Ligand code: SF4
């Protein structure tokens with residue numbers, strides 16, 4: 001029996017590669033022995049090479065994506081030197097476009113499985129199992145680019161799209177997923193045409209049969225897996241499909257599993273919003289692409305989006321307080337200059353999503369933007385992920401400023417670790433983008449950049465920055481103390497926090513659960529959860545009020561302690 005090794009190199013340990021699992025399941029009874037090997041880009045290349053070599057294979061296949069292509073190239077080059085007789089096959093979006101050029105420049109690769117791999121892989125396995133000697137038989141398998149023995153590169157017939165319901169479910173054993181995210185596909189393709197995105201190239205949108213989907217989701221629910229991420233490109237592009245699944249998950253909720261969806265928020269109507277408002281906190285989380293708020297850029301990138309509706313729906317969902325929302329922006333798009341991006345940032349930041357991700361345009365082979373890169377003056381990295389360096393509208397210097405904003409945004413906003421402080425900062429800063437930029441420049445000026453800092457140190461740096469800007473010291477010291485204790489019962493008390501020995505008796509009375517509770521006095525009432533940034537800073541209280549932090553039962557959305565104000569007339573849940 002021939003051994004065919006399907007290899008994935010993931011970005012993080014908690015990720016898994018749906019594609020190779022799906023290919024293995026699709027290979028079914030092909031006769032060959034299909035094995036999987038998954039690694040991460042954090043492993044040494046030599047370690048992966050050694051493991052692949054020791055596992056031995058008759059055929060070696062790699063699943064190629066933007067984040068792992070360089071790794072695969074390096075590892076496969078060395079593997080081929082060690083095992084020249086083992087054919088190496090690649091697949092995945094990174095090699096499915098400009099395949100001829102890729103094969104011409106990668107002589108060690110036997111061939112590429114182009115596009116959808118399930119049927120192609122099954123037939124390839126059968127070929128190696130049955131008649132691997134007769135190379136001409138390979139030409140009968142659709143969806144391949146092959147380097148023939150005499151060196152010629154041949155392409156076989158493209159494959160028609162496979163009905164999604166025919167793709168086998170690939171999770172029969174969940175043991176290996178214990179601490180990893182499970183990926184699931186209920187639709188394939190996207191009806192939209194965003195010019196930077198490969199999903200817009202293939203218009204063959206297909207849905208998995210809803211009864212099948214329900215059965216498979218029930219499998220995850222029964223096993224109480226922590227998270228299932230739908231890889232559907234725009235989950236709610238078909239309302240009936242999305243609503244059926246969301247209704248099912250709401251009814252069958254097991255109280256544990258979280259389901260992640262990428263959606264177009266502007267497509268949500270009252271019925272969906274009403275259902276979402278009734279979901280358990282943490283049942284679903286939403287990733288919402290915005291990319292830009294510049295109408296000319298939106299038109300140029302052919303993105304269909306009702307921005308006002310999107311904003312309205314994001315705010316509505318935020319008001320429910322039960323769904324984590326992650327919004328995305330992309331820097332470096334056509335017609336978007338620095339000022340325009342700054343405006344896009346501020347407009348979206350003002351929605352106070354749980355996370356705001358700043359991405360940088362990646363010029364993907366096969367996309368429309370790739371074809372027009374010259375015309376747009378888009379200069380980008382030669383190597384994956386082909387990230388933008390500058391455009392006709394955005395200089396490299398300006399892009400570096402956006403990078404500085406991104407870094408500070410990740411640390412101080414997206415981490416969720418300084419939530420109260422960031423809401424107060426809003427009252428000081430006319431413009432959120434400029435605030436993060438100044439903070440980034442402060443890091444540079446003080447020599448704090450480019451190194452790891454503890455959470456406490458990050459607080460100290462932020463305080464130093466805010467005080468330099470003339471912000472009220474005591475208020476921000478207390479806000480940061482609040483943020484620190486909201487996250488954990490700190491072993492090291494912040495240096496600026498006052499002596500609380502006079503609260504010993506009160507602490508004894510309220511903190512019955514020992515380390516699972518902490519009591520802290522504050523002279524300010526801070527913004528509540530789910531509130532956005534404040535416009536004016538809170539007044540100092542005459543007498544401090546105490547907050548009790550409960551660590552036993554963290555909030556499923558932000559993982560922060562539950563808080564309760566005590567001994568104050570403004571008592572209530574924060
Ligand atoms: S960016 Fe999103 S909406 Fe646009 S084509 Fe790609 S997957 Fe579809």
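Distance between the 7 Å Cα→Cβ label points at residue 531 and residue 212: 5.0 nm.
State whether region 21-111 is rounded, prolate or oblate according to the following rule on the C-alpha gyration tensor (a ≥ b ≥ c being the square roots of its eigenvalues): a/c under 1.5 gives rounded; otherwise a/b larger than b/c gives prolate, and the remaining case gives oblate. Write out the running numbers ahead of the final one.
Numbers: a/c = 1.31, a/b = 1.10, b/c = 1.19.
Since a/c stays below 1.5, the shape of region 21-111 is classed as rounded.
Rounded to the nearest 10 degrees, the angle from helix 419-428 to the longest Cα principal axis of the chain is 70 degrees.
Given the C-alpha atoms of region 362-475, compute the convex hull and give its volume per residue in Å³.
Details: hull volume 15.5 nm³, N = 114.
Taking the convex hull of the Cα positions in region 362-475, it is 136 Å³ per residue.
Separation of region 258-292 and region 1-43, taken as the distance between their Cα centroids, equals 31 angstrom.
In whole angstrom, how far apart do the alpha carbon centroids of region 55-87 and region 103-119 sit? The distance from the Cα centre of region 55-87 to that of region 103-119 comes to 12 Å. The angle between the Cα long axis of helix 45-55 and the longest principal axis of the Cα atoms of the chain comes to about 50 degrees, rounded to the nearest 10. Where both bridge residues fall in the chain, DSSP classifies roughly 35% of the beta bridges as antiparallel.
Under the rule a/c < 1.5 gives rounded, and otherwise a/b versus b/c splits prolate from oblate, where does the chain land using the Cα gyration tensor?
Numbers: a/c = 1.96, a/b = 1.74, b/c = 1.13.
Here the chain falls in the prolate category.
A Förster radius of 25 Å combined with the Cβ-Cβ distance from residue 155 to residue 133 puts the calculated FRET efficiency at roughly 0.70.
From helices alone, the chain scores -10500 deg cm²/dmol at 222 nm; the rule is -39500 (n - 2.57) for each run of n ≥ 4 DSSP H residues, then divide by the residue total.
Centroid-to-centroid, using Cα positions, region 222-241 and region 314-333 are 17 Å apart. Calculated on the Cα set of region 136-255, radius of gyration then Dmax: 18.3, 60 Å. Within region 131-282, DSSP assigns beta bridges of which about 45% are antiparallel (rounded to the nearest 5).
A Förster radius of 30 Å combined with the Cβ-Cβ distance from residue 222 to residue 562 puts the calculated FRET efficiency at roughly 0.55.
By its C-alpha gyration tensor, with a ≥ b ≥ c as the square roots of the eigenvalues, how is region 58-127 shaped: rounded for a/c under 1.5, else prolate for a/b larger than b/c, else oblate? Since a/c reaches 1.5 but b/c is at least a/b, the shape of region 58-127 is classed as oblate. The angle separating the long axis of helix 307-320 from the principal Cα axis of greatest extent in the chain is about 60 degrees. Taking 0.36 nm per residue of separation and subtracting the Cα-Cα distance, full extension of the segment from residue 452 to residue 554 would add 34.1 nm.
Throughout, read-outs are computed from the coordinates displayed, never taken from laboratory work. All values reported here derive from a predicted model rather than from experimental measurement. Every residue, glycine as well, gets a Cβ built from its backbone with ideal geometry; the counts of neighbours run over all protein chains shown.
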